[in-house]
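Report on the structure given below.
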Amino acid sequence: MTVKIILTEPNKILRQVSKPVERVGKEEQKLMNDMLETMYSANGIGLAAIQIGVPKRIIVMDIRKDENKREPMFFVNPVIKNKDELKSTYEEGCLSVPNQFAEIDRPKKCEVEYLDYYGEKKILKAEGLLATCIQHEMDHLEGILFIDYLSKLKKSMIIKKLSKIKSTRIVV
Ligand code: GNR
Ligand code: NI
């Protein structure tokens, strides 16, 4: 497993729409392992492949903060089936928008259909942080970042700050 460099805003690659995976093979599994390693080493709870520069519809997540109790989740070609009318607000951050946080409203619950690490079809009912995180990650697959939901002023202030530092960050 390899720790990869996480791309950060305003890197244009993050705005690409990721492509569906045709088959979950060795290459995809290796990518998922690298993504997981990269996510853990950056202390994130989720990571989309595009964040390490690969435009495939693949997400890894582990919303448990406890290092001793890891529960990695893998999502290939995820599709949201049901979105709750009810919204919930969560203070979001993003490894591609370092050190910036904002409250974002998203559907409180959702159902996700996806392929797992072994290419098997699964359905997950998510709520709370899990629902927030999966929706945040699925936005990455469409080239969307949480700052896109903020006012023009707030968004441009964040991009201005980030533009001053290097556009890539080495994750140790
Ligand atoms: O590590 C992360 N934490 C987080 C907190 C609230 C809402 C979403 C997230 S996802 C983020 C990792 C990341 O950027 N994934 O794309
Ligand atoms: Ni993110």
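Overview of results
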read-out	value
Residues of the range 74-130 that turn out to be of a type in the set (Lys, Arg), out of contact with any Asp or Glu (no Cβ under 6 Å at 6 or more places or on another chain), more than 15 Å from ligand 2 (Cβ to nearest atom) and touching a residue at least 12 places away in the same chain (Cβ under 8 Å), as a count	1
Failed item, numbered, when Ser96 is tested on (1) polar (S, T, N, Q); (2) loosely packed, with under 15 Cβ neighbours inside 10 Å; (3) within 21 Å of Lys4 (Cα to Cα)	(2)
Any chance Asn99 is in a loop (DSSP other than H, G, I, E, B), on the phi > 0 side of the Ramachandran plot and within 13 Å of ligand 1 (Cβ to nearest atom)	no
Residue match in the range 35-54 (condition: away from ligand 2 (no atom under 14 Å from the Cβ), surrounded by 13 or more Cβ atoms within 10 Å (Cβ to Cβ) and in a strand (DSSP E or B))	no
Number of positions in the range 13-34 that are out of contact with any helix residue (DSSP H, G or I) (no Cβ under 8 Å at 6 or more places or on another chain) and within 16 Å of ligand 2 (Cβ to nearest atom)	1
Matching residues in the range 113-155 - criterion: being outside any strand (DSSP E or B), among the small types (Gly, Ala, Ser) and in contact with a strand residue (DSSP E or B) (Cβ under 6 Å, 6 or more places away or on another chain)	Ala131
Count - residues of the range 64-77 that are surrounded by fewer than 19 Cβ atoms within 10 Å (Cβ to Cβ) and either touching a helix residue (DSSP H, G or I) at 6+ places or on another chain (Cβ under 9 Å) or at positive phi (or both)	3
Yes/no for Glu67 being more than 10 Å from ligand 1 (Cβ to nearest atom), among the acidic types (Asp, Glu) and either touching a Lys or Arg at 6+ places or on another chain (Cβ under 7 Å) or more than 29 Å from Val3 (Cβ to Cβ) (or both)	no
Within the range 2-16, considering residues that are of a type in the set (A, V, I, L, M) and over 13 Å from the mean Cα position of the chain (by Cα), the one surrounded by the most Cβ atoms within 10 Å (Cβ to Cβ)	Val3
Residue check for Cys110: outside any strand (DSSP E or B) and buried (at least 17 other Cβ atoms within 10 Å of the Cβ)	no
Evaluation of Val24 against (1) more than 15 Å from ligand 1 (Cβ to nearest atom); (2) within 25 Å of Leu129 (Cα to Cα); (3) surrounded by 15 or more Cβ atoms within 10 Å (Cβ to Cβ) (one fails), failing number	(2)
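Quick note: the coordinates plus some simple rules give every number you see, no bench work behind them. Worth saying up front: this structure is predicted, and the values here are computed from it rather than measured. Please note: Cβ atoms are built from the backbone with ideal geometry, for glycine as well, and neighbour counts cover all protein chains shown.
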